[in-house]
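Computed from the coordinates by the stated procedures, all read-outs in this text should not be read as laboratory data. Only a predicted model underlies this, so the values are computations on that prediction, with no experimental measurement involved. Here the Cβ positions follow ideal geometry from the backbone for every residue, glycine too, while neighbour counts run over all protein chains shown.
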Amino acid sequence: MIQSAVVPVAGLGTRLLPATKSQPKEMLPVARKPIVQYVVEELVSNGIQQVLFVTGRSKASIENHFDYDPELFQALTQANKQELLNDVDFARLKAQFFYTRQRMQRGLGDAILCGENFAGEEPFLVALGDSILGLNAVSRAVSRMADVFEAKRASCVVAVEEVPREETSHYGIVQPEQGGDDVFRVLNLIEKPAPEQAPSNLAIAGRYIFSPVIFDMIRRVKPDKKGEIQLTDAMQLLCDEGRRVMAVKLTPEEKRYDIGNFPSYFESFVEFALADPVYGAEFRRTLERLLAKKSAAV
Ligand code: G1P
């Protein structure tokens, strides 16, 4: 059972400026909740009990979000707003939150290294704070990954999803031992390859389980052209040493909502808003009206 998760949230969010000028991209709302709340709810529903956020400057609102706010609680209690109280009562999640800062922007690998003492001798999960798995974060992917980690005595299990060939340069891409399966061994990995260099169209999808041996591998990785320590390169070192790196494919229902850029952020917001139990139906009519107006004008 994997009980600890490291959630890197230190990125600058430059692809979402100006929205992220003074607030973390992980706090942008997708319909009703900030992204990072979906991530935490997904982790907790898969058995995670302790979460370490690796933060950076101007990320304090994440800490505030999961904190107890006595004045808000009192106001909502007095107004008898029980449902809203539940929505902001993170004690109900029964998870413990920890925070540490990545002092310099030195890449994802370096951010994970900040979790070394937190993880200790136990295997741990890494969940990227800008990726939601499944509509409303309903996903068992992490539990399936944990099962594979144990059954295969792996050093790493990574979630993967199929992406269009022409988009491989946005992702870490894995080379499967043999293709087609839902669970397979990974032979090699390459970070953001051009389509002609990509060994497959299976992209790393923001969830990883590692044995603590990954920390030694990260320390051995040389910085890339931008001076960043890539986590994917540390995973390649695991493969080079003959350690078992496994991949678990996300199901279509577990599609990854990526909040790292505007097109997929917009799409995620609209999809979640359409699924809202209270406002979804009305929002659908509004969208249809707007689209009809637009096509009449064309
Ligand atoms: C990171 C990883 C990459 C992965 C992607 C989506 O890239 O480095 O391997 O495919 O997340 O999970 P980023 O989007 O931070 O550039």
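Numerical summary
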read-out: Quarter of Cα convex hull surface for the chain, i.e. mean projection, nm²; value: 17.8 nm²
read-out: Nitroxide proxy distance, nm - points 7 Å out along Cα→Cβ at residue 253 and residue 79; value: 3.5 nm
read-out: Sequence ranges 100-112, 163-175, ranked by mean other-Cβ count within 10 angstrom, highest first; value: 100-112, 163-175
read-out: Cα centre as origin, Lys/Arg/Asp/Glu Cβ charges: the stretch 183-276 dipole, Debye; value: 440 debye
read-out: Within the stretch 225-239, backbone nitrogen closer than 16 Å to the virtual label 7 Å beyond the Cα of residue 104 toward Cβ; value: 225-230
read-out: Built amide H within the under 5 Å cut-off of residue 98, gap 5+; value: 51, 52, 53
read-out: Of 275, 95, 248, farthest towards positive along the dipole that unit charges on Lys, Arg, Asp, Glu beta carbons give the chain; value: 275
read-out: Under 27 Å from the Cα of residue 21 - lysines, other chains or at least 8 residues apart; value: 33, 59, 192, 225, 226
read-out: Label zone at residue 264, where the point sits 7 Å out along the Cα-to-Cβ direction: the stretch 120-136 residues whose backbone N lies under 19 Å; value: 126-136
read-out: Rg followed by Dmax, in Å, when the stretch 17-160 is reduced to its Cα trace; value: 16.5, 53
read-out: Kirkwood hydrodynamic radius of the stretch 10-51, Cα pairs, Å; value: 11.3 Å
read-out: The stretch 89-177 - Debye-derived log10 I(q)/I(0), Cα point model, q = 0.11, 0.15, 0.18 Å⁻¹; value: -0.45, -0.86, -1.24
read-out: For residue 151, net neighbour charge (Lys/Arg +1, Asp/Glu -1) across residues whose Cβ lies under 12 Å away; value: +2
read-out: Against the rule of thumb 2.2 N^0.38 Å, how large the Cα Rg of the stretch 174-230 comes out; value: 1.28
read-out: Computed [θ] at 222 nm, deg cm²/dmol, the chain (DSSP H ≥ 4; -39,500 (n - 2.57); rounded to nearest 500); value: -10000 deg cm²/dmol
read-out: Farthest toward positive dipole pole in the stretch 146-298 [+1 Lys/Arg, -1 Asp/Glu at C-beta], among 160, 237, 265; value: 265
read-out: Test item: Cα-centred dipole of the chain, Lys/Arg +1 and Asp/Glu -1 on Cβ, debye; value: 600 debye
read-out: Kirkwood hydrodynamic radius (C-alpha pairs) into Stokes-Einstein, the stretch 65-114, 20 °C and 1.002 mPa s, D in µm²/s; value: 159 µm²/s
read-out: Pairwise Cα inverse-distance average, inverted: Kirkwood Rh of the stretch 201-298 (Å); value: 17.5 Å
read-out: Separation in nanometres of the label points that stand 7 Å from Cα toward Cβ, at residue 89 and residue 224; value: 4.4 nm
